[in-house]
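Got a structure for you, questions after.
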Amino acid sequence: MDKRKIQRSGTTYYVYLPSAWCRENNITKDSVISIKKSSKGELVLFPEEIEKSDTKLKIDLSEKSIDVINKIIIASYINPLKSFEIKLDKPLSSEQVLEHKKLLGGLELVDFEDKKISCQTTVSLTSPDLILLNMIKKIINIISLIRKGDVYELIERYEEEIDKSNLLIHKVIISSFMFRKHQELRNIDLFYIGLISKTLEQLADDLIEFDKVDKFLTEISTVIKKLEKTIQNIDQKKVVSFVNEISSVAESEKDSEHIYKKRIISQLNHICEILSNWMITNKIDS
């Protein structure tokens, strides 16, 4: 790690940028760079000016018309928003959610949860961590729909969206590696996100093979919700708790001959390994 002494002139503090970095990024005296503060309190320099887009939108909508709701969703999606959330008076039925998804087509990042429609918009194209959390929410929705014995076509659509999200995550990661796209995430974070994303895609494929009365789905729903919280803040306590949770599920199903149960437990164990590695990486880099 390169160390540089802080200089001071009056009330201004400054530090000289590494000349090699400036040459590599064609930085001149007329260049403008961007500075962001990371969640760890670090200052991150970007070798070009970047636009800030932190606008979040929340709408309360009493309208029941599918046409009106879809137009509001699309208008929110195409505007420069970081995220939007539409709250409805009454929850949508599974048939209504399916109809919305048919009409919305490729807007796979739009998520429906009872009385709420939410979306991480254009920021998701450069934020694979947000897409990953969106994938987890969709898996939770799939489990809920299976347990209710709901419309199979809707379950299939959620599964297709998870596949698309996984592809989008890897597209962002590859683009970041090849073209040096500026990310607040470290390259190693992108690596771990890609591994978890691929494993979750496989897990979603196996979930649709379960019957609604299988209590195993209840256990998996619990651990997937725990995974969501663990990924939001990967620390030792949460990772250890998650690993113990998976070990408990594996122990309770150790005599099962159900091939898909075995596969899902194997996938969850793989996620445990990834999270453990990620946690140790964070400790080393802290």
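Being aliphatic (A, V, I, L, M) and touching a residue at least 24 places away in the same chain (Cβ under 8 Å) narrows it down to one residue among ILE284, ILE196; which is it?
Just one listed residue meets the conditions, ILE196.
For segment 175-188, check the following and say yes or no: at least one residue is of a type in the set (Asp, Glu) and surrounded by 17 or more Cβ atoms within 10 Å (Cβ to Cβ).
No, segment 175-188 contains no residue that is of a type in the set (Asp, Glu) and surrounded by 17 or more Cβ atoms within 10 Å (Cβ to Cβ).
Results for (1) at negative phi; (2) surrounded by fewer than 10 Cβ atoms within 10 Å (Cβ to Cβ); (3) at pLDDT below 80, shown as yes or no for each residue.
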position: ASP2; (1), (2), (3): yes, yes, yes
position: TYR14; (1), (2), (3): yes, yes, no
position: LEU17; (1), (2), (3): yes, no, no
position: TRP21; (1), (2), (3): yes, no, no
position: GLU24; (1), (2), (3): yes, no, no
position: ILE27; (1), (2), (3): yes, no, no
position: LYS40; (1), (2), (3): yes, yes, yes
position: LEU45; (1), (2), (3): yes, no, no
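Right, something else. Is there a residue being assigned to a helix (DSSP H, G or I), in contact with a strand residue (DSSP E or B) (Cβ under 8 Å, 6 or more places away or on another chain) and at pLDDT 85 or above anywhere in segment 120-131?
Scanning segment 120-131, I find at least one residue that is assigned to a helix (DSSP H, G or I), in contact with a strand residue (DSSP E or B) (Cβ under 8 Å, 6 or more places away or on another chain) and at pLDDT 85 or above, so the answer is yes.
Does segment 66-74 contain any residue that is over 14 Å from LYS115 (Cβ atoms), surrounded by fewer than 18 Cβ atoms within 10 Å (Cβ to Cβ) and basic (Lys, Arg)?
For segment 66-74, residues over 14 Å from LYS115 (Cβ atoms), surrounded by fewer than 18 Cβ atoms within 10 Å (Cβ to Cβ) and basic (Lys, Arg): present.
Oh, and also: Output the residue which, of all residues in segment 14-40 that are in contact with a strand residue (DSSP E or B) (Cβ under 7 Å, 6 or more places away or on another chain) and not β-branched (Val, Ile, Thr), is farthest from ARG186 (Cα to Cα).
Out of the qualifying residues, it is TYR14.
Oh, and also: Look at LEU185 and say whether it is in the same structural domain as GLU251 (by TED's automatic domain parsing) and out of contact with any Leu (no Cβ under 9 Å at 6 or more places or on another chain).
yes
Turning to a different aspect of this structure: Scan segment 261-275 and give yes if some residue there is surrounded by 14 or more Cβ atoms within 10 Å (Cβ to Cβ), more than 18 Å from SER197 (Cα to Cα) and in contact with a helix residue (DSSP H, G or I) (Cβ under 9 Å, 6 or more places away or on another chain), otherwise no.
Yes, that holds for at least one residue.
Would you confirm whether any residue within segment 174-185 is closer than 23 Å to SER266 by Cβ, out of contact with any Gly (no Cβ under 7 Å at 6 or more places or on another chain) and among the aromatic types (Phe, Trp, Tyr)?
So far as segment 174-185 goes, no, none of its residues is closer than 23 Å to SER266 by Cβ, out of contact with any Gly (no Cβ under 7 Å at 6 or more places or on another chain) and among the aromatic types (Phe, Trp, Tyr).
Using beta carbons and a limit of 7 Å, which pairs, at least six apart or on different chains, have the first residue in segment 231-252 and closer than 24 Å to PRO128 by Cα and the second one β-branched (Val, Ile, Thr) and at pLDDT 95 or above?
Cβ pairs passing all conditions: LYS238/THR230; VAL239/THR230; PHE242/THR230.
The values are calculated or read from the model by the stated rules, or taken from the named source; none is laboratory data. None of these values were measured; they are calculated from a predicted model. FYI the Cβ positions are ideal-geometry reconstructions off the backbone, even for glycines, and counts take in every protein chain you see.
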